[in-house]
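The values are calculated or read from the model by the stated rules, or taken from the named source; none is laboratory data. All figures in this text were calculated on a predicted structure; none of them were measured in a lab. No Cβ is skipped: glycine too gets one built from the backbone with ideal geometry, and neighbour counts run over all protein chains shown.
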Amino acid sequence: MSYIVAENIAKQYGAGASAAYAVAGVSLEIEAGSFVGIMGESGAGKSTLLSVLGAMNSPTSGRYLVDGIDVYALGTERQADFRREYLGFVFQSFHLVPYLSVLENVMLPLTTARIGSREKKRMAMEALDWVGIEQLAGRLPGGISGGEKERVAVARAIVNDPPVLLADEPTGNLDNRNTLEVMKLLERLNRAGTTIVMVTHSLECARFAGRILRLFDGRVQEGEDPGENARTGIGPLPRRCTVDPSLRPASVE
């Protein structure tokens, strides 16, 4: 069975004559360890679809399963457990808390984890080391560059070692050099086993993916074969940060 399964997902806004579908009957399957790029024009429904896949936006109809879990059949608290244990998020606008240090920002997803503060700090430092900016741990977001902020966002997304990473235009605010560096980080994560679903306007970024989907008016279809994509040799992978499996809540099985 595929790791991620969407069955006829639809998201409607409004009612009656003014009703509009941001997502109109999307069905897709994604295997564990895949890197999927989602492309489409502005307004095609990309971000809405990603928010549904992120368990943040209940669909009007359809079913969504991850690892056999019927996500929108879960109650509110169990959905929160699911997001914490299964998903990491990277966004275009970083969403860093300006008055918290880089280290504290990366520790945020661990707030409710049943582990001590020393272990939380160790995990956050390991994530920062993984993205190559552990030396910035004590800095505030206002004192680092855009590319460094995106690395902090990636570190925060992976600190819990989630099996799925959702990225919404992760390089949209970056120059070419930093775009390439961030895409190489995502590539490393994928090669280490993380399933990645990324929304992007950039065909160059999408070519890092092994599969491209295109959205038109809320409907999805396979895009062009990435073919000779942008992937490059990046050497051996470092050890990834991991969470003790016993910490996974019993309510998510």
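SER61 meets all of the listed conditions (1) surrounded by 15 or more Cβ atoms within 10 Å (Cβ to Cβ); (2) at pLDDT 90 or above but one, namely (1). Restricting region 82-105 to residues that are part of a helix (DSSP H, G or I) and over 15 Å from the mean Cα position of the chain (by Cα) leaves a set whose member that is farthest from VAL152 (Cα to Cα) is GLU104. Only one entry of ALA113, ALA124 meets the criterion of being surrounded by fewer than 19 Cβ atoms within 10 Å (Cβ to Cβ) and more than 24 Å from GLY172 (Cα to Cα), and that entry is ALA113. Kindly indicate whether VAL164 is out of contact with any Phe, Trp or Tyr (no Cβ under 7 Å at 6 or more places or on another chain) and crowded, with 19+ Cβ neighbours inside 10 Å. No. Name the single residue that is nearest to VAL36 (Cα to Cα) among those in region 181-210 being small (Gly, Ala, Ser) and buried (at least 22 other Cβ atoms within 10 Å of the Cβ). Of everything passing the filter in region 181-210, ALA209 is nearest to VAL36 (Cα to Cα). For region 38-50, the criterion of a residue being in contact with a Ser or Thr (Cβ under 7 Å, 6 or more places away or on another chain) and either among the aromatic types (Phe, Trp, Tyr) or on the phi > 0 side of the Ramachandran plot (or both) is satisfied by no position.
Being crowded, with 18+ Cβ neighbours inside 10 Å, among the acidic types (Asp, Glu) and more than 21 Å from ALA32 (Cβ to Cβ): is that true of GLU77 here? It is false that GLU77 is crowded, with 18+ Cβ neighbours inside 10 Å, among the acidic types (Asp, Glu) and more than 21 Å from ALA32 (Cβ to Cβ). Number of residues in region 66-81 that are in a strand (DSSP E or B) and either within 19 Å of ARG114 (Cβ to Cβ) or not charged (D, E, K, R) (or both): the value is 2. Within region 9-34, being within 13 Å of LEU49 (Cβ to Cβ), out of contact with any helix residue (DSSP H, G or I) (no Cβ under 9 Å at 6 or more places or on another chain) and not hydrophobic (A, V, I, L, M, F, W, C) holds for TYR21, GLY25, SER27.
Selection of strands (runs of 3 or more DSSP E) fully inside region 1-44 by the criterion of at least 1 residues being modelled with pLDDT under 90 and surrounded by 16 or more Cβ atoms within 10 Å (Cβ to Cβ) returns 20-30, 35-40.
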